[in-house]
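Note sheet for the following structure.
None of the figures in this text is laboratory data; all of them are computed from the coordinates on show. Note that the coordinates shown come from a computational prediction; the quantities given were computed from them, not determined experimentally. Backbone-built Cβ (ideal geometry, glycine too); neighbour counts: all protein chains shown.
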Amino acid sequence: MVVPESKDKLFHPPDDLQRDAHVPDFNSYLEIYRKSLEDPEAFWKEVADEFYWKKPATGPMLQYNFDITKGNIYIKCMEGAKTNMCYNVLDRHVKDRNLGEKVAFHWEGNSPEHHLTITYQQLLSRVCRCANVLKKMGVKKGDRVSIYLPMIPELIYTMLACARIGAVHSIVFAGFSSESLCERIMDAQSSVLVTADGVYRGEKLINLKQISDDALEKCGEKAPCSVTKCLVVNHHAVRTKGGTSCNKLQTPWDMKRDMWWDEAMADSPEECEPEWLDAEDPLFILYTSGSTGKPKGVLHTTAGYLLYTSLTFKYVFDHHHDDVYWCTADVGWITGHSYITYGPLANGATSVLFEGVPVYPHIGRFWEIIEKYRVTKFYTAPTAIRMLMKYGQEPLQKFDLSTLRILGTVGEPINPEAWQWYHEVVGQGRCPVVDTFWQTETGGHVLTPLPAATPLKPGSATFPFFGVEPTILNEHGEELEGEAEGYLVFRRPWPGIMRTVYKSQERFESTYFRKFPGFYVTGDGCRRDKDGYYWITGRIDDMLNVSGHLMSTAEVEAALAQHPAVSEAAVVSRPHKVKGECLHCFVTLKDTKEFNQKLVEELKKQVRDRIGPIATPDFIQNAPALPKTRSGKIMRRVLRQIARNETDLGDLSTLADPKVVEVLFSQRSEAA
Ligand code: ATP
Ligand code: MG
């Protein structure tokens with residue numbers, strides 16, 4: 001790799017960002033990257049020195065076996081060390097760094113009238129009180145606690161309280177159904193569930209306690225339910241309705257099992273000695289988004305996850321003390337775990353925690369919040385960008401976005417069209433866009449630009465983070481050099497990689513390590529261009545094979561999205577007598593545009609012109625909306641079945657809105 005001098009248009013980091021950046025130019029990136037691979041022991045040891053260790057490590061920074069032919073897969077970081085995650089992200093700042101008065105979170109409610117400020121000192125004392133409540137409920141080290149809470153401060157208190165006492169949290173996104181919650185509780189065998197009475201998401205009231213009760217009832221159908229205590233935050237009653245106890249009466253209640261949060265917290269002590277854990281003791285279980293099949297219960301452990309989320313946060317968002325950082329993800333996803341809770345807090349950062357949705361009570365809500373808190377670093381998903389793009393520039397022009405310095409994206413490939421809009425309209429051409437590629441499994445960013453160092457290409461996740469060694473393999477497992485396209489794999493672990501699938505080492509090994517012995521297989525396709533940039537091309541499972549030509553979903557979708565009428569596109573294959581497979585494209589149009597034959601012809605031509613005749617779509621279907629996971633990702637496996645007219649759709653529990661599927665099925669025959 002050399003400093004890129006590409007024929008492609010590069011977006012270079014702005015000078016003022018480079019001036020005081022942690023990694024100020026591309027050569028510095030290359031130098032640190034080289035060291036991180038040549039001497040990982042020294043590299044990670046230096047990172048670990050920032051944190052508090054009750055007992056130092058006796059083993060190396062990383063020990064592992066990545067080769068299934070040589071025995072079980074394992075990864076260990078800092079064997080012998082004892083520490084506590086909560087101590088490192090809270091006590092260390094309050095006691096050793098004098099940051100007690102610093103704001104940890106600006107909480108912004110669903111309604112703009114509700115907001116709170118929480119300092120590190122306040123966070124620490126509330127976490128300790130919650131930890132004592134959990135202990136009183138009988139939770140011990142190693143026990144699992146399921147958390148089904150909306151984006152409210154109590155969600156952060158509870159997860160850190162678990163970390164403090166060595167309990168393993170399993171957070172379930174509060175948009176999931178009772179079935180999905182039940183499945184995740186049963187899999188984790190949690191002894192406690194923490195939930196809330198209810199929450200407004202936009203204008204919709206969600207009765208979380210009722211859903212929780214249904215879930216627990218389902219859990220108890222075959223064998224006694226593992227959950228014996230349920231802690232309920234009076235969020236809707238107190239915050240939304242102005243708070244009197246009479247509202248509580250409407251909440252279903254089991255006197256033996258259920259306990260109100262405020263009553264439990266009221267007389268709970270503010271001191272709680274952390275449980276000193278082994279470096280490899282589990283920190284949490286989190287289920288993947290379920291885009292490609294049944295979700296996997298990913299297990300992350302203590303020391304390695306701390307090092308990795310902390311370091312990636314610091315470098316990828318070039319964190320400085322006076323930043324106000326906002327990640328719009330839900331804590332129920334890995335992005336929220338790593339880059340709302342652990343990474344930012346490990347750095348003593350100030351963050352916005354937002355309960356609501358981007359377009360309530362008005363379509364400029366995101367921009368209003370950026371202005372209100374003077375946000376400097378903003379991290380969101382392509383799905384949100386594409387949705388907000390539909391409303392044009394006007395909603396942004398009403399607000400002052402001049403504080404923004406870095407923009408980030410995660411979750412799906414970002415099509416260049418959306419990237420440009422994000423860069424020009426949101427970032428006013430001034431802010432680098434860090435397109436961060438990673439997975440629930442990787443714990444933190446693995447391919448990502450560094451904002452002051454990496455010249456950007458729209459749509460590329462650019463280069464590996466420190467300690468990460470990617471490579472591209474072909475179908476036969478051969479490594480491809482130079483310009484190439486194939487399977488994205490990693491040759492060695494970094495501290496934050498998952499340790500196993502909870503209670504299923506077998507699924508862990510077969511999903512990630514069996515196909516290509518010696519490598520962690522991401523399941524994503526990837527292209528390396530002539531300048532060495534990595535481009536995620538979509539899921540390997542979603543690849544299209546037309547007349548023997550392998551094509552990726554991302555490139556065809558990007559070509560469609562370049563048409564001014566299209567707001568979002570998803571492409572799948574369906575059988576074809578001659579070609580083997582052909583392309584069936586679903587397009588969502590911008591609000592005012594009409595779907596007609598002329599548009600269909602234009603779109604087909606556009607794909608043909610940009611990619612080649614081989615990629616010409618056979619079918620284009622109008623999609624008022626696309627099926628997405630609850631974390632906002634397009635579920636192409638469902639679209640593939642619609643295109644093929646297969647009605648047995650398998651596990652749809654992670655689908656956000658089942659009605660979308662019915663509509664697409666009913667309009668299938670109109671595809672042109
Ligand atoms: P499941 O594994 O259950 O099918 P999932 O893969 O969607 O669900 P996550 O761990 O939330 O679950 O998502 C990781 C995936 O998201 C990656 O494997 C990749 O496909 C996609 N992804 C994340 N960030 C990016 C990015 N910046 N560019 C391209 N793709 C991305
Ligand atoms: Mg996945």
Requested in this report: Any chance you could run the full-extension gain for GLU101 through GLU179? It's 0.36 nm times the residue separation minus the Cα-Cα distance, nm to one decimal.
Outcome: 23.9 nm
Requested in this report: Could you grab the relative contact order for the range 390-506? Cα pairs under 8 Å, six or more apart, rounded to a whole percent.
Outcome: 18
Requested in this report: Tell me, rounded to the nearest percent, the portion of alpha carbon pairs in the range 439-530 spaced more than 19 Å apart.
Outcome: 43
Query raised in the report: Roughly how large, in nm² to one decimal, is the mean projection of the convex hull of the alpha-carbon atoms in the range 372-505?
Result: 10.8
Report task. Express the relative contact order of the chain as a whole percentage, based on alpha carbon pairs under 8 Å and six or more residues apart in sequence. Result -> 13
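Order these by the 10 Å Cβ neighbour count, fewest first: THR588, THR228. Mind dumping the intermediate values first?
Details: THR588 20, THR228 14.
Going from least to most buried by this count: THR228, THR588.
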Query raised in the report: Dimensions of the range 495-650 along principal axes (Cα, Å, largest first)?
Result: 53, 39, 33
Report summary line: Rounded to the nearest Å, the spacing of the alpha-carbon centers of the range 415-445 and the range 521-556 is 19
**Report entry** Cα centroid of the range 199-278 to Cα centroid of the range 1-70, whole Å
**Finding:** 42
**Report entry** P(r) histogram, all alpha-carbon pairs of the range 495-570 included - 5 Å bins from 0, percent
**Finding:** 3, 12, 15, 18, 18, 14, 10, 7, 3, 1
Query raised in the report: Cα-Cα over 25 Å: which of LYS241/LYS390; LYS54/LYS135; LYS390/LYS579; LYS45/LYS140; LYS530/LYS579; LYS256/LYS503?
Result: LYS241/LYS390; LYS390/LYS579; LYS45/LYS140; LYS530/LYS579; LYS256/LYS503
Report task. Please give the direction-averaged projected area of the C-alpha convex hull for the range 29-107, in square nanometres with one decimal. Result -> 8.5
Query - Label-point separation, GLU46 to LEU205 (7 Å along Cα→Cβ), nm - result: 5.6
Report summary line: Rounded to the nearest 500, the 222 nm mean residue ellipticity computed for the chain from DSSP H runs (n ≥ 4, each -39500 (n - 2.57)) alone is -7500 deg cm²/dmol
Query raised in the report: Fewest first, what order do HIS236, HIS576 take by the number of other Cβ atoms within 10 Å?
Result: HIS576, HIS236
Query raised in the report: For the pair THR592 and LEU10, how long in nm is the line joining their label points, each one 7 Å along Cα→Cβ?
Result: 3.9
Requested in this report: Compute the Rg/Rh shape ratio of the range 215-328: radius of gyration over Kirkwood radius, all on alpha-carbon atoms.
Outcome: 1.04
Query raised in the report: So what's the Cα pair-distance distribution over the range 302-365, bin width 5 Å, in %?
Result: 4, 18, 26, 23, 14, 9, 4, 2, 0
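If you take the Cα Rg of the range 146-257 and divide it by 2.2 N^0.38 Å, with N the number of residues, what do you get?
1.02
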Requested in this report: Work the Kirkwood hydrodynamic radius out for the chain: mean of 1/r over every pair of different alpha-carbon atoms, inverted, in Å.
Outcome: 25.7
Query raised in the report: Across bins of 5 angstrom width beginning at 0, how are the C-alpha pair distances of the range 400-448 distributed, in whole percent?
Result: 5, 21, 27, 20, 15, 9, 3, 0
Report task. For an R0 of 25 angstrom, estimate the FRET efficiency from the Cβ-Cβ distance between GLU217 and GLU263 and round to the nearest 0.05. Result -> 0.55
Requested in this report: Between the alpha-carbon centers of the range 329-344 and the range 585-651, tell me the distance in whole angstrom.
Outcome: 31
